[in-house]
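Contents: one structure, followed by commentary.
The values are calculated or read from the model by the stated rules, or taken from the named source; none is laboratory data. Not measured: the values here are computed from a predicted model. Reconstructed Cβ throughout: ideal geometry from the backbone, glycine too, with neighbour counts over all protein chains shown.
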Amino acid sequence: MKSSKPQRSRRPRSTGVFSREELDARLNLPVGDEKSLVITPRVRPEAFDEDSVDLRLGCYFLLPKRSQEPYFAPDKHTATSLHVKMHVPLGEYLVIPAHETVLGATLEFIKLPFDASGEILTKSSVARTFIVVETAPWIHPEYRGCLTLEIANVSNTPVLLYPGRPIGQLVLLKAARLRKKSSKLKGSYFGPVAPEPPNFTNPEDELFGLGAETVSVIRKVQLTRLCSDDSSCGIR
Amino acid sequence: MLLTSELMYFQKAVRVFPDTSSELFPPEIGFVEIPYSKGTSFFSNINIFHEIGHFVYQLFSKSSDASFDGLSNALEEATKQQKKLHEPKRERLATERTARRREILDNWTEEVFCDLFAVRLIGPAFTFALIDLLWLVGLMRAGNEKQFDAEHPPPALRLREQLAQLKRDGWWSGVRKLNIEHIQLIIRLSRIDEDDYVVALDEQEEVGKSLKSAFLTVLPAIEKAVQKSTEHIPRGAFAKEAAAYQKKIEDCLLNGTVPSRAVGKDLRPGPVATINTAYIFQLTKLGNLMDRLSDTDRNLPADRMKWRRKVEAWTMKALEDFEILKATTQ
């Protein structure tokens, strides 16, 4: 006889923040274990809090270019045209002018377990100087790499950033996995050791697929030089 | 380092550069030119160790360092023999011809010295990088591999001498079983008989042959000079360290992780062990890593290049991390 109770799907396991003991246990698993956590170079014991671990600022940055174009259009061209790479060695500093932004990365390379998501938060002492490091703080299970930080100085004063100093806090949360673990790892944004520029497709590639019949785009504009006497002093 | 169309080394006295403070620079500055195509490849740039060898060779030979006495004497003896054989008469042109032959012997000697110096410093990673470079510039073609020119001994002889050095330094037993073309090539070329080496010079054939024979007598002295100039590197130490860490470093790379994770509490592999293990991983197991990733095909050259670059980036990151770990544990 069939039960009258409605069929229930499998419940996700309860989620929660990893404690220090759990972080320690995961860090000590072999690297090939799907439940292992990697944070390298190894951090000092004082970097751990009860439910988080401090991460430090790395030495590589992507500084925004001053473009001749009067706009920013996210397209395929962006990855190579937006930024200039810069290395700031340990012991030196980078000045972030007031209201400016820069892409940085954590000094630590991390690997998340298959059953945990992560979140990177600005360290509170850093946040109180009005430096914000996270606008896309979520980290997916199995992610590997140094975390790209979208660093913004939202204060009215230039601020010095020293590579090697703590800048963020990593918090791990248990992720309920209803589906079986994928046998392959995603290759995009995999294993960066320095900040990565955004990866866009051209807008038409996505919008035609949504049913748009036309897509307005701006490609590289021609800079026009006007002369005061209205003569043809040239279009470049 | 200068990015140019070829790999070469040259050296200039610091005084030729205006506004250069002699307090900041050594009396001589070495320049390494690197092909554009290789400028960003970490593993290929291991060839720079050979170029550093030129700096050391010129430094030692110019300063008449005692470490080079044996080599200088061997070269001197070889030159005398050449003169005796081919220039019995005293005349101005004979002196010039002898000087030219001495220059050729010096060139060949310096090249082999630099090869062995690089192998002492960085192990088989240099030999692999050199083979890649020689392939790239076409010197590994059948016609070229046995040929001496005015600047270089043949690749076959260079690889034979490197193989001997790899054996002396304890590397060979660890790498000989690797299923890669590089190893097969080293074995095949090192078996070529010395009599089959060809000398491609403007000189008469018999002069070329005797120069080759004279040079072969200098080889033991080159080995000794290399050993003396790298005495600080204990024989076999790097190979032993690489073998001890190989599994841990490979596990890290296979799992897409920077190999600085491979450390024990106070242990860490040195740069030579890390670089060699990572290079061998890239040559032998890159496909295994790629098979674990979606949207990646191990048979596509563009994909292989992308993941080779990743392995290189993880290796370089590990080297930086080890420096930080060294400073924080001291």
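Can you tell me which residues in segment B:103-152 are under 30 Å from B:ASN73 (Cβ atoms), touching a residue at least 60 places away in the same chain (Cβ under 8 Å) and touching a strand residue (DSSP E or B) at 6+ places or on another chain (Cβ under 9 Å)?
B:ILE104, B:TRP108, B:CYS114, B:PHE148, listed by residue number.
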Can you tell me which residue is farthest from A:ILE39 (Cα to Cα) among those in segment A:112-147 that are out of contact with any Leu (no Cβ under 6 Å at 6 or more places or on another chain) and hydroxyl-bearing (Ser, Thr, Tyr)?
A:THR129
So which residues in segment A:34-52 are surrounded by fewer than 17 Cβ atoms within 10 Å (Cβ to Cβ) and touching a residue at least 40 places away in the same chain (Cβ under 8 Å)?
A:GLU34, A:LYS35, A:ASP49, A:ASP51
Those residues of segment B:283-316 which are of a type in the set (Ser, Thr, Tyr) and part of a loop (DSSP other than H, G, I, E, B), in sequence order
B:SER294, B:THR296
Does B:ILE275 satisfy the condition of being away from chain A (no Cβ under 14 Å), under 18 Å from B:LYS177 (Cα atoms) and touching a residue at least 60 places away in the same chain (Cβ under 8 Å)?
no
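Table: residues versus (1) surrounded by 22 or more Cβ atoms within 10 Å (Cβ to Cβ); (2) in contact with a strand residue (DSSP E or B) (Cβ under 9 Å, 6 or more places away or on another chain); (3) in contact (Cβ under 8 Å) with a residue 40 or more places away in the chain; (4) under 30 Å from B:ALA78 (Cα atoms).
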{"residue": "B:ILE180", "(1), (2), (3), (4)": "no, no, yes, no"}
{"residue": "B:ARG188", "(1), (2), (3), (4)": "no, no, no, yes"}
{"residue": "B:ASP195", "(1), (2), (3), (4)": "no, no, no, yes"}
{"residue": "B:VAL198", "(1), (2), (3), (4)": "no, yes, yes, yes"}
{"residue": "B:GLU203", "(1), (2), (3), (4)": "no, no, yes, yes"}
{"residue": "B:ALA214", "(1), (2), (3), (4)": "yes, no, yes, yes"}
{"residue": "B:ASP251", "(1), (2), (3), (4)": "no, no, no, no"}
Name every residue in segment A:146-161 that is in contact with a strand residue (DSSP E or B) (Cβ under 8 Å, 6 or more places away or on another chain) and more than 21 Å from A:PHE48 (Cβ to Cβ), in order of residue number.
A:THR148, A:GLU150, A:ILE151, A:ALA152, A:ASN153, A:VAL154, A:SER155, A:PRO158, A:VAL159, A:LEU160, A:LEU161
Quick one: what pairs do we get from segment A:136-161, first residue acidic (Asp, Glu), second surrounded by fewer than 18 Cβ atoms within 10 Å (Cβ to Cβ), C-beta under 7 Å, 6+ apart or different chains?
A:GLU142/A:PHE114; A:GLU150/A:THR101; A:GLU150/A:THR135; A:GLU150/A:ALA136
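Matching residues to (1) over 17 Å from the mean Cα position of the chain (by Cα); (2) more than 12 Å from chain B (Cβ to nearest Cβ); (3) part of a loop (DSSP other than H, G, I, E, B); (4) aliphatic (A, V, I, L, M):
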{"residue": "A:ASP33", "(1), (2), (3), (4)": "yes, no, yes, no"}
{"residue": "A:GLU46", "(1), (2), (3), (4)": "yes, no, no, no"}
{"residue": "A:ASP51", "(1), (2), (3), (4)": "yes, yes, yes, no"}
{"residue": "A:LEU55", "(1), (2), (3), (4)": "no, yes, no, yes"}
{"residue": "A:PHE61", "(1), (2), (3), (4)": "no, yes, no, no"}
{"residue": "A:PRO70", "(1), (2), (3), (4)": "yes, yes, yes, no"}
{"residue": "A:ASP75", "(1), (2), (3), (4)": "yes, yes, yes, no"}
{"residue": "A:GLY91", "(1), (2), (3), (4)": "yes, no, yes, no"}
{"residue": "A:THR106", "(1), (2), (3), (4)": "no, no, no, no"}
Of the listed residues (B:ARG292, B:ARG309), the one being more than 25 Å from the chain's Cα centre (by Cα), among the basic types (Lys, Arg) and within 13 Å of another protein chain (Cβ to nearest Cβ) is B:ARG292
Is it fair to say B:LEU185 is outside any loop (DSSP other than H, G, I, E, B) and modelled with pLDDT under 95?
yes
Just checking, which of B:ILE280, B:ILE233 is of a type in the set (A, V, I, L, M, F, W, C), more than 14 Å from chain A (Cβ to nearest Cβ) and not in a helix (DSSP H, G or I)?
B:ILE233
Looking only at segment B:122-142, count how many residues are at pLDDT below 95 and outside any loop (DSSP other than H, G, I, E, B).
8
Return the residues of segment A:104-121 that are surrounded by 21 or more Cβ atoms within 10 Å (Cβ to Cβ) and out of contact with any Cys (no Cβ under 8 Å at 6 or more places or on another chain); say none if nothing qualifies.
A:GLY104, A:LYS111, A:LEU112, A:PRO113, A:ALA116, A:GLY118, A:ILE120
Residue list for segment B:283-328, filter: loosely packed, with under 12 Cβ neighbours inside 10 Å and among the polar types (S, T, N, Q):
B:ASN299, B:THR328
